[in-house]
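Read through the structure below, which is laid out as C-alpha cells, and then see the notes.
The values are calculated or read from the model by the stated rules, or taken from the named source; none is laboratory data. Predicted, not measured: the structure shown is a model, and the values here were computed from it. We place every Cβ from the backbone using ideal geometry, glycine too, and count neighbours over all the protein chains shown.
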Amino acid sequence: MEKWTLYLGLNDKDSKVQKISTLEAYKVVSNLIATKFDGGTIFEAKGIYKHDNGVIVTENTLRIELLFAPENEVRELVKTLKVIFNQESIAVQKEVINSELW
C-alpha cells in the first residue's frame with residue numbers, strides 16, 4: 001500500500017505572500033479530502049522553500065497525508081490544489097507501507 005504526503009506551501013507563487021488564511025486553507029483542503037477520498041490527515045507546519053530566483057522563504061504549510069488513495073486521484077488533487085492556492089509546485093512524497101484498518 002502507498003502512503004502519500006503532500007506539502008502545500010500557502011504563499012502565493014506570484015506575490016510571494018500568503019493570500020488565503022491558514023484556517024481557510026485547512027477548510028478547503030478538508031472539504032476536498034472528504035469529497036474525493038475515504039479520509040486523510042492534515043498537519044500545520046512551517047516550510048522552507050527556495051524560489052527559482054534563489055530567494056529563500058519560510059511559509060505556513062499544510063502537510064496532508066493520504067492512505068488508501070490511488071495515484072491518479074492524488075495527482076488530480078495536486079492539480080486542483082495548485083490552481084486554488086496559485087502554487088508553483090507541491091512536494092509529494094510516496095512511501096510503500098503496511099497499513100490496514102482494524
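Looking only at segment 38-61, decide whether some residue is of a type in the set (Ser, Thr, Tyr) and closer than 18 Å to residue 2 by Cβ.
So the first thing to find is which residues in segment 38-61 are of a type in the set (Ser, Thr, Tyr), and the list is 41, 49, 58, 61.
Checking the rest, the ones that are also closer than 18 Å to residue 2 by Cβ come to 41.
The answer is yes, given that some residue of segment 38-61 is of a type in the set (Ser, Thr, Tyr) and closer than 18 Å to residue 2 by Cβ.
Anything in segment 17-41 that is in contact with a strand residue (DSSP E or B) (Cβ under 9 Å, 6 or more places away or on another chain), among the β-branched types (Val, Ile, Thr) and within 14 Å of residue 77 (Cα to Cα)? List them, or say none. The answer is 29, 33.
Taking residues in segment 56-85 that are loosely packed, with under 15 Cβ neighbours inside 10 Å, and partners anywhere that are of a type in the set (Ser, Thr, Tyr), the pairs with Cβ atoms closer than 6 Å and at least 6 places apart or on different chains are 57/49. Find the residue count for segment 1-44, including only residues that are surrounded by 13 or more Cβ atoms within 10 Å (Cβ to Cβ) and assigned to a strand (DSSP E or B). Total satisfying the criteria: 12.
Return yes when residue 50 is touching an Asp or Glu at 6+ places or on another chain (Cβ under 8 Å) and either of a type in the set (D, E, K, R) or within 17 Å of residue 10 (Cα to Cα) (or both) and no when it is not. Let's see the steps before the verdict.
Details: touching an Asp or Glu at 6+ places or on another chain (Cβ under 8 Å): no; either of a type in the set (D, E, K, R) or within 17 Å of residue 10 (Cα to Cα) (or both): yes.
Against the criterion (touching an Asp or Glu at 6+ places or on another chain (Cβ under 8 Å) and either of a type in the set (D, E, K, R) or within 17 Å of residue 10 (Cα to Cα) (or both)), residue 50 does not qualify.
Picking from residues in segment 35-87 that are at pLDDT below 95 and on the phi > 0 side of the Ramachandran plot, the one that is farthest from the chain's Cα centre (by Cα) is 54. Put simply, of 94, 50 the only residue that is surrounded by fewer than 16 Cβ atoms within 10 Å (Cβ to Cβ) and in contact (Cβ under 8 Å) with a residue 60 or more places away in the chain is 94.
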